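*Asks:* Please read through the structure below; I'll follow up with questions.
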Amino acid sequence: MDEKKILAGQFEANRGHLSAVAFRMLGSRSEAEDAVQEAWLRLNRTDVGDVENLGGWLRTVVARICLDMLRSRKLRREEPMGDVEPGLPSDAETVSYDPEYQIAMADSVGLAMLVVLETLGPAERVAFVLHDMFDLPFDDIAPIVGRTTDATRKLASRARQRVQGTPVSPEADRARQRRVVEAFIAASRDGNFEALLSILDPDVVFRADEAAMRLGSEAELRGPEAVAGHFKGRAHGAKPATLDGALGVLVEAGGKTLLVLRVTLKGDRIIGIEAVADRESLADLKVAVLD
């Protein structure tokens, strides 16, 4: 029993790093947690008494699991598994299922980077992530991807060229924009000031029409601190939506539209927000809630 507790403690000490590795490889929080969960199960089925570097062993296991998941995704386009097997240490959800964690992870990688990584093949992606993001030697990566060291080096080099030179398609750019809007809504709803700051551009400006001001909005705010403070804890009833085809936010109350937020992005950050609550203006908008 004591050995199991020690093993669980060692796993927990490595959880953050393993989640970061898996997230960068998979681009999905839920799939990353599936990979970490599977690593925990494999750890419990394996005698690691002779393993000198448990952290390195776990990272290798997670990388191989992610490679299998990427290959499976590419072949069958399967959805991430929703069921979680029992047995993970009891505080498993304290970090990895926290919306704050998800936003912080996405920001640390870069939303645009996640989009571009999707263009890489499974082995390319694993080689690039492990070497360029985690500085793992090619000699250590080669057994994971099943290639020679030289072939693995070429994989990472080819991936690096694609990451640096691949233009983002309109569909990928729309997906990136949606992630930013959804991250903004989640951070606002959770009252996560730091996450809001990470999403807002240093020159962000918020403006509200007179109808929105009557609902409690400020007329104008400038700077991420002021805008983040205004939206902290306020996104209840907010949903991502298209406003005349552009991405924005719909805010409802009692099943009725309260106002909309026109959102302007600069790269991966929000630089402009306009609150519109005027009835006539809303009536002229074509609003479609995103699933």
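*Asks:* Just one of (1) over 21 Å from PRO202 (Cβ atoms); (2) surrounded by 12 or more Cβ atoms within 10 Å (Cβ to Cβ) trips up ALA275, so point out which.
*Replies:* For ALA275, the exception is condition (1).
*Asks:* Can you tell me which residue is farthest from THR242 (Cα to Cα) among those in region 260-291 that are in contact (Cβ under 8 Å) with a residue 60 or more places away in the chain and part of a helix (DSSP H, G or I)?
*Replies:* From region 260-291, those in contact (Cβ under 8 Å) with a residue 60 or more places away in the chain are 263, 265-279, 281, 290; that's our starting set.
Those left that are additionally part of a helix (DSSP H, G or I): 279, 281.
Numbers: ARG279: 18, SER281: 15 Å.
Step by step, filter region 260-291, then rank; the result is ARG279.
*Asks:* If you check VAL287, VAL276, which single one turns out to be among the aliphatic types (A, V, I, L, M) and within 21 Å of ALA187 (Cα to Cα)? Break it down stepwise before answering.
*Replies:* Numbers: VAL287 fails: within 21 Å of ALA187 (Cα to Cα).
Being among the aliphatic types (A, V, I, L, M) and within 21 Å of ALA187 (Cα to Cα) holds for just one of VAL287, VAL276, which is VAL276.
*Asks:* Another question, if that's okay. Determine which member of the set GLY87, GLY146, GLY121, GLY55 is touching a helix residue (DSSP H, G or I) at 6+ places or on another chain (Cβ under 9 Å), at pLDDT 50 or above and at positive phi. Break it down stepwise before answering.
*Replies:* On the way: GLY87 fails: at pLDDT 50 or above; GLY121 fails: at positive phi; GLY55 fails: at positive phi.
When all the criteria are applied, what remains is GLY146.
*Asks:* Another question about this same structure. Being assigned by TED's automatic domain parsing to the domain that holds ARG176 and within 21 Å of the chain's Cα centre (by Cα) narrows it down to one residue among ALA241, ALA226, ALA277, ALA208; which is it? Don't jump to the end; show me each part of the working.
*Replies:* Values: ALA226 fails: within 21 Å of the chain's Cα centre (by Cα); ALA277 fails: within 21 Å of the chain's Cα centre (by Cα); ALA208 fails: within 21 Å of the chain's Cα centre (by Cα).
Checking each option against the conditions leaves just ALA241.
*Asks:* Identify the residue in region 129-153 that is among the β-branched types (Val, Ile, Thr) and farther than 23 Å from GLN164 by Cα and, among all such residues, is surrounded by the most Cβ atoms within 10 Å (Cβ to Cβ). Steps first, please.
*Replies:* Within region 129-153, the subset among the β-branched types (Val, Ile, Thr) is 129, 141, 144-145, 148-149, 152.
Within this subset, residues satisfying the condition of being farther than 23 Å from GLN164 by Cα are 144, 148.
Working: ILE144: 21, THR148: 12.
It comes out as ILE144.
*Asks:* What pairs come out if I take residues in region 1-26 that are within 18 Å of GLU52 (Cα to Cα) and in contact (Cβ under 8 Å) with a residue 12 or more places away in the chain and pair them with residues that are surrounded by fewer than 16 Cβ atoms within 10 Å (Cβ to Cβ) and among the small types (Gly, Ala, Ser) whose C-beta lies under 6 Å away, six or more apart or interchain?
*Replies:* Correct list of pairs: ASN14/GLY55.
*Asks:* A further question on this structure: Any residue at all in region 171-191 that is part of a strand (DSSP E or B), in contact (Cβ under 8 Å) with a residue 60 or more places away in the chain and either touching a His at 6+ places or on another chain (Cβ under 6 Å) or surrounded by 14 or more Cβ atoms within 10 Å (Cβ to Cβ) (or both)?
*Replies:* Looking only at region 171-191, we keep the residues that are part of a strand (DSSP E or B), and these are none.
Within region 171-191 (the criterion being part of a strand (DSSP E or B), in contact (Cβ under 8 Å) with a residue 60 or more places away in the chain and either touching a His at 6+ places or on another chain (Cβ under 6 Å) or surrounded by 14 or more Cβ atoms within 10 Å (Cβ to Cβ) (or both)), the answer is no, since none of the residues qualifies.
*Asks:* Which condition breaks for VAL227 when tested against (1) aliphatic (A, V, I, L, M); (2) out of contact with any Phe, Trp or Tyr (no Cβ under 7 Å at 6 or more places or on another chain); (3) modelled with pLDDT of 85 or more?
*Replies:* Single failed check for VAL227: (2).
*Asks:* Can you confirm whether GLY267 is surrounded by fewer than 20 Cβ atoms within 10 Å (Cβ to Cβ) and in contact with a helix residue (DSSP H, G or I) (Cβ under 9 Å, 6 or more places away or on another chain)?
*Replies:* Values: surrounded by fewer than 20 Cβ atoms within 10 Å (Cβ to Cβ): yes; in contact with a helix residue (DSSP H, G or I) (Cβ under 9 Å, 6 or more places away or on another chain): yes.
In short, yes.
*Asks:* On to the next question. Identify the single condition in (1) among the aliphatic types (A, V, I, L, M); (2) touching a strand residue (DSSP E or B) at 6+ places or on another chain (Cβ under 6 Å); (3) not in a helix (DSSP H, G or I) that ALA212 does not satisfy, given that it satisfies every other one.
*Replies:* Of the numbered conditions (1) among the aliphatic types (A, V, I, L, M); (2) touching a strand residue (DSSP E or B) at 6+ places or on another chain (Cβ under 6 Å); (3) not in a helix (DSSP H, G or I), the odd one out for ALA212 is (3).
*Asks:* For residues that are modelled with pLDDT of 90 or more and of a type in the set (Asp, Glu), tally how many sit in region 253-291.
*Replies:* 2
*Asks:* Applying the selection to region 45-62, what residues are of a type outside the set (Val, Ile, Thr) and touching a Phe, Trp or Tyr at 6+ places or on another chain (Cβ under 9 Å)?
*Replies:* Once the filter is applied, which keeps residues that are of a type outside the set (Val, Ile, Thr) and touching a Phe, Trp or Tyr at 6+ places or on another chain (Cβ under 9 Å), region 45-62 yields LEU54, LEU58, ARG59.
*Asks:* Check whether at least one residue in region 38-45 is assigned to a helix (DSSP H, G or I), small (Gly, Ala, Ser) and surrounded by fewer than 20 Cβ atoms within 10 Å (Cβ to Cβ), and report yes or no.
*Replies:* Filtering region 38-45 down to residues assigned to a helix (DSSP H, G or I) leaves 38-45.
Now restrict to residues that are small (Gly, Ala, Ser): 39.
The next check asks that each one be surrounded by fewer than 20 Cβ atoms within 10 Å (Cβ to Cβ); those that pass are none.
So far as region 38-45 goes, no, none of its residues is assigned to a helix (DSSP H, G or I), small (Gly, Ala, Ser) and surrounded by fewer than 20 Cβ atoms within 10 Å (Cβ to Cβ).
The values are calculated or read from the model by the stated rules, or taken from the named source; none is laboratory data. Worth saying up front: this structure is predicted, and the values here are computed from it rather than measured. Backbone-built Cβ (ideal geometry, glycine too); neighbour counts: all protein chains shown.
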